[in-house]
Amino acid sequence: MKVSVVIPVHNGERYLAQAVESVLAQTHRDLELLIVDDGSTDGSRAVMERYARDDARIRILCQENRGVSAAGNLGLAKARGEWVARLDADDVFLPEKLERQLAFVRRHPDVRIAGTLGYFINHAGRIIGLVSTDGPFTRAEFERIAGRGDPVFFVHSTTLMHRETVLAAGGYREQFVQAEDVDLWLRMAEKGHLLLKMPEPLLLYRLHGESLTMKRNAEQKRCHRWVMACAEARGKGREEPSLEDFLQTERRRPWPARVLALRREAGERCYQKAALHYAGGNYPALTACLCLAACLNPSHVIPRLYERKIAPALERSLPGTSSLSVPVEKEACRHAPGT
């Protein structure tokens, strides 16, 4: 079964080679790699061309800088595979990722998007914990989430998507920059398509200060709220609000509700900063950010700390148990090219 891997790139020179090498090293060999240059002005194009000269499976697509959503749509349109895997230019596939995901979708023929767990890594490729540990791992879990109108949250680089189904759903909607993936997954679920996650880590997800999630977090949160407002409107048979209408509605909320929302989002940002300090080994700053995050948004922070750190540590300490986790402060992962 042929797979198309799409890597959107805008000024991703620093880590792009590692991402490309991780695709070329896949145990599943029947693949093509589409690298979409989204108007890069650094040395990204030279990296792409160097690999394309040596491997005929690589195609380079170019566009003016229109953003990651447009780059993803271009990759989807030009892909030749039945299934499309997304990979950000700073993340890394583990060698068996595509092989194991294809086996998973064969066992679950109704699945149209399959994600996985992943490992957080720092700039040097050192594994520092698990990411994306929540489900759904079963159809029943998915139906509960979809029935509540909640989105399934994948790390984008873990997803393997059925191309024709995604295109029929409209692909990524470019107005929802920074939340275009969540919007797509919500619309897919609304159409009755099954979205599941494999309970094993098959991706290295890099934490660094230059990522879009870190640099444009406030914009990402705002877009996510807009996406959820649009989903709620669709569910009630109403027209989706424009961005202007959505922002006006937000401004009309009672001030206690606005303060609570700001507090929760501030807590999430502090938690992300704590993770970044953890990745960089700045433990005093980690402690300060983590304490502040737990005070501002305990319902967000405490479950994640338990799932990603406390529970795996308890499992490792008990005989006869197994865990998906790995020791914190592990050496750079041997599967991370270039480390």
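Looking across segment 75-92 at every residue that is more than 20 Å from Gln18 (Cα to Cα) and out of contact with any Asp or Glu (no Cβ under 9 Å at 6 or more places or on another chain), the one that is surrounded by the most Cβ atoms within 10 Å (Cβ to Cβ) is identified as Trp83. Restricting attention to segment 37-92 and to residues that are part of a strand (DSSP E or B) and of a type outside the set (A, V, I, L, M, F, W, C), the residue that is farthest from Val105 (Cα to Cα) turns out to be Gln63. Ala189 versus (1) buried (at least 22 other Cβ atoms within 10 Å of the Cβ); (2) touching a Phe, Trp or Tyr at 6+ places or on another chain (Cβ under 6 Å): which is the lone unmet condition? Unmet condition: (2).
Of the residues examined, Lys197 is one that is assigned by TED's automatic domain parsing to the domain that holds Gly115, in contact with a Gly (Cβ under 7 Å, 6 or more places away or on another chain) and among the charged types (D, E, K, R). In summary, Glu239 fulfils each of the numbered conditions (1) in a loop (DSSP other than H, G, I, E, B); (2) in contact with a Gly (Cβ under 8 Å, 6 or more places away or on another chain) with the single exception of condition (2).
Of all residues in segment 123-147, those being loosely packed, with under 15 Cβ neighbours inside 10 Å and modelled with pLDDT of 95 or more number 6. Please tell me if Ala257 is assigned by TED's automatic domain parsing to the domain that holds Ala293 and either surrounded by 13 or more Cβ atoms within 10 Å (Cβ to Cβ) or touching a helix residue (DSSP H, G or I) at 6+ places or on another chain (Cβ under 8 Å) (or both). The answer is no for Ala257. Would you mention how many residues in segment 47-56 are surrounded by fewer than 16 Cβ atoms within 10 Å (Cβ to Cβ) and either in contact with an Asp or Glu (Cβ under 8 Å, 6 or more places away or on another chain) or not small (Gly, Ala, Ser) (or both)? Number of matching residues: 5. In segment 148-173, the qualifying residues are those that are surrounded by fewer than 18 Cβ atoms within 10 Å (Cβ to Cβ) and at pLDDT below 95, and the one that is nearest to Leu196 (Cα to Cα) is Phe153. Tell me, which residue of segment 2-36 that is surrounded by 24 or more Cβ atoms within 10 Å (Cβ to Cβ) and free of Cβ contacts under 8 Å to residues at least 40 places away in the same chain is nearest to Glu82 (Cα to Cα)? This residue is Leu33.
In the set (1) in contact with a Phe, Trp or Tyr (Cβ under 8 Å, 6 or more places away or on another chain); (2) modelled with pLDDT of 95 or more; (3) more than 17 Å from Thr159 (Cβ to Cβ), the condition left unmet by Val111 is number (3).
Pairing each residue of segment 187-198 that is among the small types (Gly, Ala, Ser) with any residue that is part of a strand (DSSP E or B), provided the two are 6+ apart or on different chains, yields C-beta distances under 8 Å for Ala189/Leu195.
The values are calculated or read from the model by the stated rules, or taken from the named source; none is laboratory data. Since we're looking at a predicted model, the values are computed, not measured. Every residue, glycine among them, receives a Cβ derived from its backbone with ideal geometry; neighbour counts consider all protein chains shown.
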